[in-house]
Amino acid sequence: MNRPYLLLTPGPLTTSDTVKAAMLRDWCTWDKDYNGLVQSIRARLVRLATASPEPYTAVLMQGSGSFSVESVIGTVIPKDGKLLVLTNGAYGNRIVQMASVYGISTSVLNFGETDSVTAAAVEDRLLADPSITHVAMVHCETTTGMLNPIADVSAVVQRYNKVFIMDAMSSFGGIPMDVKELGIDYLISSANKCIQGVPGFGFVIARTEALLACKGQARSLSLDLYDQWEVMEKGGGKWRFTSPTHVVRAFDQALVELEDEGGITVRYQRYKANQKLLAEGMAQLGFCALLPKELHSPIITSFYYPLSDRFSFEVLYEKLKAAGFVIYPGKISTADTFRIGNIGEIYKEDIVKLLQVINNEIFW
Ligand SMILES: *Cc1c(COP(=O)(O)O)cnc(C)c1O
């Protein structure tokens, strides 16, 4: 199929030909075949999120991943609630911004761009401010590739009995996790990340009892998570407004392929091996990673620009693109970096080839 380059950008990311081919059919949104497909996707998502699916439900939401994050932030915090946001990058900061737009009372713990979130700091803040009702954090901060310690933070959040919101956008489906064990009330991800679908909708895995308490609370009509859930649940897979039918069909195929690969654990191993090969190969080519190895995620890695006046990211980008790879600019304010993602239909041979191409193209 037509594949001018591999996307090393998470995401959209490189999808399989069969996922793309699944879109070559039009579906009626209210027909029972399509609604049945939606219901099956919701059930499979919950099973991917936990070994104890009964207390959980899944809601699909139109738009990019941020729309789903915003639907949670705008819906689940009551008027008299207060949100603590743990941030160490652009996606954590985006949650702060969403809360600000909605006028939600917010406390922010900012760890900077290159330090991990710590459970101790979270505990200090929760102790100091008992009015906090909800805690939100990002699992893999795609800004840098930082993997935040959700199990440590979860232990504190559960001990203090707060509602836990997890932006697992770039990690769900690629890193094993169990929302029940982690005490996560709302986990957010989207079609075009580790499940390896195409962009067009996001989804929320919610603890049903928590969501049931949110009726009438949303600060937005289109992004009302409760209403979206109620219509899907009562309508047997109906979407409130026009659904991205082709994208949903492609997502169903992507779920089948995740299962065929061996599930999340096997995909995690592939991503981890890709990332290790990439980070080690880049180090051999003289690139320094932004973060120490123990903070790397198996999703995306940030590298400093080489210390040479002759280096230009734009030139490297164009050379790699011509050779069949698209990489990602950096997204932090304190240093010149670029990022290379390794999720999607990306295998060891692709990383080997990328490293060879970079080696051949060194111009600095
Ligand atoms: C991709 C991503 C999002 C959502 O970004 P969109 O551009 O709205 O899809 C949110 N959080 C994280 C951590 C992400 O990686």
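The values are calculated or read from the model by the stated rules, or taken from the named source; none is laboratory data. None of these values were measured; they are calculated from a predicted model. Every residue, glycine as well, gets a Cβ built from its backbone with ideal geometry; the counts of neighbours run over all protein chains shown. Heavy atoms of the whole protein, side chains included, go into the accessibility calculation; ligands, DNA and RNA do not. Shrake-Rupley method; radii C 1.70, N 1.55, O 1.52, S 1.80 Å.
Is it the case that some residue within the range 165-175 is within 19 Å of V85 (Cβ to Cβ), touching a Lys or Arg at 6+ places or on another chain (Cβ under 7 Å), hydroxyl-bearing (S, T, Y) and within 12 Å of the ligand (Cβ to nearest atom)?
Yes, there is a match, as at least one residue in the range 165-175 is within 19 Å of V85 (Cβ to Cβ), touching a Lys or Arg at 6+ places or on another chain (Cβ under 7 Å), hydroxyl-bearing (S, T, Y) and within 12 Å of the ligand (Cβ to nearest atom).
Can you name the residue in the range 176-206 that is hydroxyl-bearing (S, T, Y) and either closer than 19 Å to R267 by Cβ or more than 14 Å from the ligand (Cβ to nearest atom) (or both) and, of all such residues, is nearest to the chain's Cα centre (by Cα)?
Ranking the qualifying residues of the range 176-206, first place goes to S189.
Which residue pairs have Cβ atoms under 7 Å apart, sit 6 or more places apart or on different chains, and have a first residue in the range 347-364 that is touching a residue at least 24 places away in the same chain (Cβ under 8 Å) and among the acidic types (D, E) and a second that is surrounded by 14 or more Cβ atoms within 10 Å (Cβ to Cβ) and not in a helix (DSSP H, G or I)?
Pairs that qualify, where the first residue is touching a residue at least 24 places away in the same chain (Cβ under 8 Å) and among the acidic types (D, E) and the partner is surrounded by 14 or more Cβ atoms within 10 Å (Cβ to Cβ) and not in a helix (DSSP H, G or I), are D350/L6.
Mind telling me which of the residues L320, L290, L295, L285 ends up being hydrophobic (A, V, I, L, M, F, W, C), out of contact with any strand residue (DSSP E or B) (no Cβ under 8 Å at 6 or more places or on another chain) and open to solvent by less than 60 Å² (accessible area, probe 1.4 Å)?
Exactly one residue qualifies, and that residue is L285.
Which ones in the range 11-67 are charged (D, E, K, R) and assigned to a helix (DSSP H, G or I)?
D17, K20, K32, D33, R42, R44, R47, listed by residue number.
Which residue out of K238, K276 is under 30 Å from E345 (Cβ atoms), open to solvent by 20 Å² or more (accessible area, probe 1.4 Å) and basic (K, R)?
K276
What residue, among those in the range 75-93 that are open to solvent by 30 Å² or more (accessible area, probe 1.4 Å) and either more than 13 Å from the ligand (Cβ to nearest atom) or among the charged types (D, E, K, R) (or both), is nearest to H296 (Cα to Cα)?
So, considering only residues that are open to solvent by 30 Å² or more (accessible area, probe 1.4 Å) and either more than 13 Å from the ligand (Cβ to nearest atom) or among the charged types (D, E, K, R) (or both), the one nearest to H296 (Cα to Cα) is K82.
State all residues of the range 137-163 that are away from the ligand (no atom under 16 Å from the Cβ) and among the hydrophobic types (A, V, I, L, M, F, W, C); if no residue qualifies, say none.
A151, A155, V156, V157, V163 - these are the residues of the range 137-163 that are away from the ligand (no atom under 16 Å from the Cβ) and among the hydrophobic types (A, V, I, L, M, F, W, C).
With N192, N161 as the choices, which residue is part of a loop (DSSP other than H, G, I, E, B) and on the phi > 0 side of the Ramachandran plot?
Only one candidate passes the filter, namely N161.
Looking for whichever is open to solvent by 10 Å² or more (accessible area, probe 1.4 Å) and touching an Asp or Glu at 6+ places or on another chain (Cβ under 6 Å) here; the options are R207, R125, R159. Which one fits?
R207
Considering only residues that are closer than 18 Å to W239 by Cα and surrounded by fewer than 22 Cβ atoms within 10 Å (Cβ to Cβ), which ones fall in the range 58-69?
Passing the criteria: Q62, G63, S64, F67.
Of all residues in the range 128-154, how many are touching a residue at least 24 places away in the same chain (Cβ under 8 Å) and not in a loop (DSSP other than H, G, I, E, B)?
Of the residues in the range 128-154, 14 are touching a residue at least 24 places away in the same chain (Cβ under 8 Å) and not in a loop (DSSP other than H, G, I, E, B).
Taking the range 133-156 as the region of interest, how many residues are open to solvent by 20 Å² or more (accessible area, probe 1.4 Å) and not acidic (D, E)?
Counting residues in the range 133-156 that are open to solvent by 20 Å² or more (accessible area, probe 1.4 Å) and not acidic (D, E) gives 5.
Would you mind finding the one in V38, V72, V96 that is within 24 Å of E181 (Cα to Cα) and surrounded by 18 or more Cβ atoms within 10 Å (Cβ to Cβ)?
Only one candidate passes the filter, namely V72.
Residues that are of a type in the set (A, V, I, L, M) and in contact (Cβ under 8 Å) with a residue 60 or more places away in the chain: does the range 296-309 have at least one?
Checking the range 296-309: at least one residue is of a type in the set (A, V, I, L, M) and in contact (Cβ under 8 Å) with a residue 60 or more places away in the chain.
Which of the numbered conditions does W27 fail, given that it passes all the others? Conditions: (1) at pLDDT 95 or above; (2) surrounded by fewer than 20 Cβ atoms within 10 Å (Cβ to Cβ); (3) touching a helix residue (DSSP H, G or I) at 6+ places or on another chain (Cβ under 9 Å).
All conditions pass for W27, except number (1).
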